[in-house]
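Worksheet: one structure, shown below.
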Amino acid sequence: MAIEELMTGGTVLPITRWGTPVMHEQTAPVTEFDDALRDLVRDMFATMDAARGVGLAATQVGLGVSLFVYACPDADEHLRYGAICNPVVTTPTGSGRTLDKTEEGCLSFPGGYQPLARPDQATCTGQDPWGNEVTVEGTGLLARCLQHETDHLNGTVFGDRLSSRGRRKLEEQHAELVHLYPDDWPVTPKKTTGDDD
């Protein structure tokens with residue numbers, strides 16, 4: 001079976017918000033590469049698509065397991081997609097390290113975006129949903145996505161990486177727009193600004 005077969009047929013789940021304990025705790029490794037895991041991957045792809053995201057960690061659907069899915073363009077605008085269990089990310093060091101300070105957001109803190117410097121290249125190793133070893137080389141937005149999602153599985157949200165001023169600005173943006181996102185979003189779609197509250 002190919003990963004493409006897990007990218008359809010799932011059920012959209014509510015996205016867990018920052019402040020929920022599972023979002024701020026280290027996840028448990030995936031040890032069973034079974035049908036239940038692959039059903040979860042399907043549901044995570046469905047949820048990510050409904051929320052118009054490029055990556056989604058298991059913690060973002062309330063589960064403390066080391067898994068994320070992604071469908072994200074790289075620096076060459078090639079769409080890359082997959083599901084990685086037990087990911088480990090490495091980034092260049094020394095003269096090979098270039099930081100890209102670009103706006104970042106999070107589906108679990110909707111409405112807020114702030115610039116965050118991250119390495120513009122990242123290598124992620126782990127297992128696919130069948131337990132096979134995988135390595136993903138990420139550039140551009142994909143490099144940021146691999147780092148962001150792996151952070152989630154280590155209990156870190158990107159706001160933790162911002163300065164106190166950046167975090168305040170992020171929280172202000174989120175506070176202004178969070179009313180557009182129902183508690184069970186994206187099961188219930190985001191409201192448009194013309195909708196009654």
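General remarks:
- Computed accessible area, Ser95, all protein chains, 1.4 angstrom probe, square angstrom: 130
- Here the chain has 48 percent of its accessible surface on carbon and sulfur atoms, given a 1.4 Å probe and all protein chains in place.
- Sequence-distant residues sharing a close amide H with Val65 (under 5 Å, placed H): Ala28, Thr59
- Measuring only protein heavy atoms, the 1.4 Å probe finds Thr47 accessible over about 0 Å².
- Cα gyration tensor shape for the chain, rounded if a/c is under 1.5, else prolate or oblate: oblate
- Between the alpha-carbon centres of the range 25-84 and the range 131-151 there is a gap of 11 Å.
- Test item: Cα-centred dipole of the range 49-197, Lys/Arg +1 and Asp/Glu -1 on Cβ, debye: 500
- Once C-alpha pairs closer than 8 Å and six or more residues apart are averaged by separation and normalised to the residue number of the chain, the relative contact order reads 23 percent.
- Helical mean residue ellipticity (222 nm; -39500 (n - 2.57) per DSSP H run of 4+; nearest 500) of the chain: -7500 deg cm²/dmol
- Note on the range 17-71: with charges restricted to the Cβ of Lys and Arg (+1) and Asp and Glu (-1), its dipole about the Cα centre is near 280 debye.
- Per residue solvent-accessible surface (Å²) - the range 40-180, probe of 1.4 Å: 43
- Whether the range 119-158 is rounded, prolate or oblate, judged on the alpha carbon gyration tensor where a/c under 1.5 counts as rounded: oblate
- Accessible surface ranking that places the most exposed of Thr139, Thr27 first, with a 1.4 angstrom probe: Thr139, Thr27
- Accessible area (Å², 1.4 Å probe, nearest 10) - His179: 80
- Length added when fully stretched, Arg168-Asp76, from 0.36 nm per residue minus Cα-Cα: 29.8 nm
The values are calculated or read from the model by the stated rules, or taken from the named source; none is laboratory data. Quantities reported herein were computed from a predicted structural model and do not represent experimental measurements. Here Cβ is always computed from backbone atoms with ideal geometry, including for glycine, and neighbour counts include all displayed protein chains. For the accessible areas, the whole protein counts, side chains as well, though only heavy atoms, and no ligand, DNA or RNA atoms are used. Shrake-Rupley method; radii C 1.70, N 1.55, O 1.52, S 1.80 Å.
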